[in-house]
Amino acid sequence: MNKIPITVILPVKNEALNLPDCLGKLQRFSQIMVIDYGSADATPEIAAQYGAEVRQFNWNGKFPKKRNWTLKNIEIHNEWVLFLDADEFVTEAFVNEVATKTQDAMFNGFTLQFENYFMGKKLRFGYGFKKTALFKRSKGAYEKIEEDLGSHLDMEVHEHPEIEGKIGMINAKVIHKDFKNLEHYIAKHNAYSSWEAKRYLQLKASKNSQLSLNQKIKYGLLNTGLLPIVYFVGAYILKLGFLDGKAGFYLAKYKAHYFFQIQTKIAS
């Protein structure tokens, strides 16, 4: 079978639990790269076992972080690149659709949609999750965010690629299912909230106007102090999260608390 000419890039740290299932589903792509940044478990060895190219990344606290560093410094064989996290698992339907749509010269990038799991349960309701993570490397790169506030947090979850030209949509969903426990989820989002609080203060100081509509809404609600309750009502009631049972309730509460953490860290 001919390999699909797309380079899949996975930035990882301590992902030995998620990586086997993730990499096992990527074998139709012609190049798989794992960018490891200080794993203390068997992540690099597992990546090598699945035929991935493993590169070590050591962040110096400044731009660029993993994704842009990879685009600028590592030999990538293909024009199209697909960025995934280790807890994101592709399906055959997704791979087939990507193989077809990336042949259309009209598009320079595609937005991915996700089928989310929480506490082991597939979620049917609440807010969906999308991100633009498949694009031509000659037409895009991740936004440049200066890390001059001493955060020392190598977070990229809220950074987005800036892509020239038309962006399409991949309809087949990627499965987002972390095999790590709830303690890991809580610790991860505590770190994310610290990064986002510092990012908010940086944007406020620079009076940056280059924000997406979603960012403007989010930061506007942060200013009012209403974001946690607005998110919970939206996710659990308006988006029918209550139909997902206790998993829907807990996720809405945890996400609302995440925004509460950001607010209190900004105020502290």
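One residue stands out among those in region 99-117 that are of a type in the set (A, V, I, L, M, F, W, C) and within 18 Å of the chain's Cα centre (by Cα): the one that is surrounded by the fewest Cβ atoms within 10 Å (Cβ to Cβ), which is PHE114. Of the set (1) at pLDDT 95 or above; (2) over 17 Å from GLY120 (Cα atoms), all apply to LEU251 but (2).
Exactly one residue among PHE94, PHE83, PHE63, PHE57 is in contact with a Lys or Arg (Cβ under 8 Å, 6 or more places away or on another chain), of a type outside the set (S, T, N, Q), modelled with pLDDT under 95 and crowded, with 18+ Cβ neighbours inside 10 Å, and that residue is PHE57. Across region 171-194, the qualifying residues are those that are more than 16 Å from the chain's Cα centre (by Cα) and among the aliphatic types (A, V, I, L, M), and the one among them that is modelled with the highest pLDDT is ALA172. Of the residues ALA247, ALA252, ALA172, the single one that is assigned by TED's automatic domain parsing to the domain that holds ARG67 and under 26 Å from PHE118 (Cα atoms) is ALA172.
The values are calculated or read from the model by the stated rules, or taken from the named source; none is laboratory data. Bear in mind that the values here come from a model prediction, so they are computed numbers and not experimental data. Cβ: placed from backbone, ideal geometry, glycine included. Neighbour counts: every protein chain shown.
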